[in-house]
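Only the coordinates and a few stated rules stand behind these numbers; no lab work does. Note that the structure is a prediction, hence the values are computed from the model and not measured. Backbone-built Cβ (ideal geometry, glycine too); neighbour counts: all protein chains shown.
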């Protein structure tokens, strides 16, 4: 059985002010464009990937750290056969308690810094081993990492200017619209009309801010939802295609294989899974 192109292993701890997981991407696979209301840190441990955040795009390799600022649209695409990284979401309230109002700060996207790596290594070790007082250790090392980033990796917050805000607002509105209407007959024209911009400006800005065309994003979102339906075990391939917004079964099969790395029938062979087990398949 072919492996999924994206896998995520969550290390839950409701008593910590972080969400922490290990992500694996296969070649040319990517996480769907998204954004978080919290600071997001990616620590690469194997392979290489391109990370796009807004209009910026950098290649990341082992030991690099990506800092995704609050509310920044971003995606990650593997450029080697396997790419693995730890993802840490730091709650906004925790950051503010340290005096780091992350929704008002702008960090550099790519951090290559041995001190930052030491802090992250300690966080990873504590989260994986969970030795006595590990929660206190995670908080202490995360606090040290945030202070170090604030002192050494802040940049001018150019994303706050009116022009950039306009682009971010438009793209986020479009993404929400697509996710809400993905099972309907979506067109570039209908989406650009819904967000209130010309088709040309909308398409150009969407590609600039996300690294994907509008059609690519629609197809990727529909395929992610289709995988969720298939893994639930409740629908066959034909029913899944229809419920995911595809009107042609052969086209659905072709597009699904392109984005998910396997035929839809192969996903269904994995058998029914719980909602918690498939939560990360539809991002």
If you average 1/r over every pair of different alpha-carbon atoms in the chain and take one over that average, what Kirkwood value in Å do you get? 20.0
State, to one decimal in nm, how far the label point of residue 71 lies from the label point of residue 11, with both points 7 Å from Cα in the Cβ direction. 3.1
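I need the Kirkwood Rh of region 6-158: take the reciprocal of the average 1/r across all distinct C-alpha pairs and report it in angstrom.
15.5
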Hey, rough spin-label estimate for residue 263 and residue 79, points 7 angstrom out along Cα→Cβ, what's it come to in nanometres? 3.3
In degrees, nearest 10, the alpha-carbon axis of helix 214-232 is tilted away from the dominant principal axis of the alpha carbons of the chain by 90
Normalised by the number of residues in region 44-137, what is the relative contact order in percent for Cα pairs under 8 Å and 6+ residues apart? 29
Ranked highest first by average number of other Cβ atoms within 10 Å, how do 138-149, 96-107 line up? 138-149, 96-107
Calculated Rg and Dmax of region 71-218 using C-alpha coordinates, Å: 19.3, 58
Hey, what did the chain get for relative contact order, percent, Cα under 8 Å, at least 6 apart? 17
In degrees, nearest ten, helix 114-129 long axis to first principal axis of the chain (Cα): 70
For the pair residue 148 and residue 56, the simple spin-label estimate (label points 7 Å beyond Cα toward Cβ) gives in nm 1.8
By the mean-Cβ-within-10 Å protection proxy, highest first, 171-179, 250-258 rank as 171-179, 250-258
So how tilted is helix 199-210 from the main axis of the chain? Cα-based, degrees 0 to 90, rounded to 10. 40
Roughly how large, in nm² to one decimal, is the mean projection of the convex hull of the alpha-carbon atoms in region 162-281? 7.7
Determine the calculated [θ] at 222 nm for the chain from helices alone, applying -39500 (n - 2.57) to every DSSP H run no shorter than 4 residues and normalising by the residue count; nearest 500 deg cm²/dmol. -13500 deg cm²/dmol
Between region 75-144 and region 164-222, how many Å separate their Cα centres? 31
